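Participant: The structure follows.
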Amino acid sequence: MKKAVFIAVVMVMMLLSNKTKGGVSLIMNGSFENDGEIDSVTTENAPQYWCDVNIPASKFGGKVDTLWATYGNYSLTVYSKAGSTFVDGDMASVSQQVYLTDVNKVIFDIALSGTYSSLPWTSEKFSAVLQIDGNDVWDSNGQVPNGNGIYTIEVNDININDEDLHTLSLVMRANKSASHPTKYLVRWDFVKFDAYCGGFGYLWEDLNLDCYVDMLDLEMLAGQWLAEDPNEEYDLFQDGFVDFRDFAFFADYWMCNTYWQNWQNDNCFDMELLAGDIDDSGEVNYGDIATFVDNWLNEGNCNRADLNEDGFVNLQDFAIIADQWLQISWLSRL
């Protein structure tokens, strides 16, 4: 019945067109865990949400694998191909569309290496670069020493505060016109903004939204004990009451936090978002239909309404919205 009403509403909405509002500032799949291994990153075979791929196959390659990671099991590697001849400025990039409202830091883990220990990474030949809208925000030259290593970098003072989408790019760039007999590798992992628990999102049990489930949240839940028709955030079991079942849900995440520095806690996890929530409002609703209608039958990569990522906005994407109609995520609490 719910889906029948939903489809009827869409038939009306197909006659309308609304401007999409700016979404929340999040990096999606910043830990590269969503896809498993990808032997060769290409436009047709890109990590989820990192769908804007520019890796010239004659000089560079890319992959998602388990050889190095700081969060979860996977990371993105962009590398130069051994024996290729490079021109100063040659580059490979993997990008996604993001909102930057109120963001002043991009935080990421990175490892720079050569093929062999006798031929380590050298900034004379290549740089790892983070770009926003094609402009360099951070360059590994002058920021990290030559050689292998793991780095956590904070990028400050981006100073972009609007409601427009921007392109965030992870780049490997040649610094010297030369032929290199061996390959060099840039590995990226755990790319995130300094917002919403470091990009993880809030657990539902984190009632005071401080990124921790602790005594402060327990006090708030206890204050609603046996309340009927409580506010939704306290009704963890979703049965219309606050009782032992809600406390059982709460106990599962006791002392858990989703802040990026302590993601290893056994009961913590990266909070998933609803695929059908195209406008990042926290709920799959009419705003998402409007965005879907605006993009109806469009083709190409990196379209936010292409929910199944097949390059087309069609009824298959609409089916995902229908399946998740009126569902909410932690974004609804912001």
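Here, each number is a calculation from the coordinates, and none is a lab measurement. Predicted, not measured: the structure shown is a model, and the values here were computed from it. With ideal geometry, Cβ positions are generated from the backbone for all residues, glycine too; neighbour counts draw on all protein chains shown.
Participant: Just need log10 I(q)/I(0) for the range 95-183 at q = 0.22, 0.24 Å⁻¹, Debye formula, equal scatterers on the alpha-carbon atoms, no solvent, rounded to two decimals.
Facilitator: Here the Debye-derived log intensity ratios amount to -1.09, -1.22.
Participant: Still on this structure: Give me the dipole magnitude in Debye, nearest 20, for the chain about the Cα centre, with unit charges on the beta carbon: positive for Lys and Arg, negative for Asp and Glu. It would help to have the intermediate numbers written out before the result.
Facilitator: Values: 17 positive and 52 negative charges, 350 e Å.
Roughly 1680 debye for the chain.
Participant: Multiplying the sequence separation of Asp214 and Asp243 by 0.36 nm and subtracting their Cα-Cα distance, what value in nm do you get? Walk me through the intermediate numbers first.
Facilitator: Values: separation 29, 0.36 × 29 = 10.44 nm, distance 1.81 nm.
Length difference between fully extended and current span is 8.6 nm.
Participant: Further question on the same structure: Short version: what are the Cα gyration tensor semi-axes of the range 132-256, square root of 5 times each eigenvalue, largest first, in whole Å?
Facilitator: Its equivalent ellipsoid spans semi-axes of 47, 17, 12 Å.
Participant: Can you put Ile321, Ile160 in order of Cβ neighbours within 10 angstrom, beginning with the fewest?
Facilitator: Working: Ile321 23, Ile160 16.
Starting with the residue having the fewest Cβ neighbours, the order is Ile160, Ile321.
Participant: Taking only DSSP H segments of four or more residues, each worth -39500 (n - 2.57), what value at 222 nm results for the chain once the sum is divided by all its residues, to the nearest 500 deg cm²/dmol?
Facilitator: Details: 5 runs with 47 residues, N = 334.
Rounded to the nearest 500, it is -4000 deg cm²/dmol.
Participant: Taking Cα atoms of the chain, Rg/Rh with Kirkwood Rh, to two decimals?
Facilitator: 1.02
Participant: Could you run the Karplus curve 6.51 cos²θ - 1.76 cosθ + 1.60 with θ = phi - 60° over the range 79-86 and give me ³J(HN,Hα) per residue in whole Hz, x for Gly and Pro?
Facilitator: 9, 8, 8, 4, x, 7, 9, 10
Participant: Separate question: Which one, Thr182, Ser329, Leu76, projects farthest toward the positive side of the charge dipole computed for the chain from Cβ point charges (K/R +1, D/E -1)?
Facilitator: Going by the charge dipole, the pick is Thr182.
Participant: Can you tell me the length gained on complete extension of the stretch Ile328 to Ala251, counting 0.36 nm per residue apart and subtracting the Cα distance?
Facilitator: 25.5 nm
Participant: Further question: Eigenvalues of the Cα gyration tensor times 5, then square-rooted: what semi-axes does that give for the range 215-257, in whole angstrom, largest first?
Facilitator: 17, 11, 8
Participant: Which of Ala248, Leu130, Leu100 sits closest to the plus end of the dipole of the chain, meaning its Cα is farthest towards the positive end, when Lys and Arg get +1 and Asp and Glu get -1 on the C-beta?
Facilitator: Of the options given, the answer is Leu130.
Participant: Name the residues of the range 85-107 whose amide N is less than 18 Å from a point 7 angstrom out from the Cα of Thr152 along the C-beta direction?
Facilitator: 104-107
Participant: Assign unit charges at the C-beta atoms only (+1 for Lys and Arg, -1 for Asp and Glu), then state the dipole size of the range 215-257 relative to its Cα centre in Debye, rounded to the nearest 20.
Facilitator: Dipole of the range 215-257, to the nearest 20 debye: 180 debye.
Participant: If you don't mind, another one. Could you give the dipole magnitude of the range 42-121 about its Cα centre, charging the beta-carbon of Lys and Arg +1 and that of Asp and Glu -1, in debye to the nearest 20?
Facilitator: 160
Participant: How far is the Cα center of the range 61-134 from the Cα center of the range 156-224, in Å?
Facilitator: 16
Participant: Read phi for every residue in the range 65-72 and hand back ³J(HN,Hα) as whole Hz from Karplus 6.51 cos²θ - 1.76 cosθ + 1.60, θ = phi - 60°, with x for Gly and Pro.
Facilitator: My calculation for the range 65-72 gives 8, 10, 5, 7, 6, 10, 9, x Hz in order.
Participant: Past 21 Å, Cα to Cα: identify those pairs from Lys63/Lys176; Lys81/Lys176; Lys125/Lys183, in the order given.
Facilitator: Among Lys63/Lys176; Lys81/Lys176; Lys125/Lys183, the Cα-Cα distance tops 21 Å for Lys63/Lys176.
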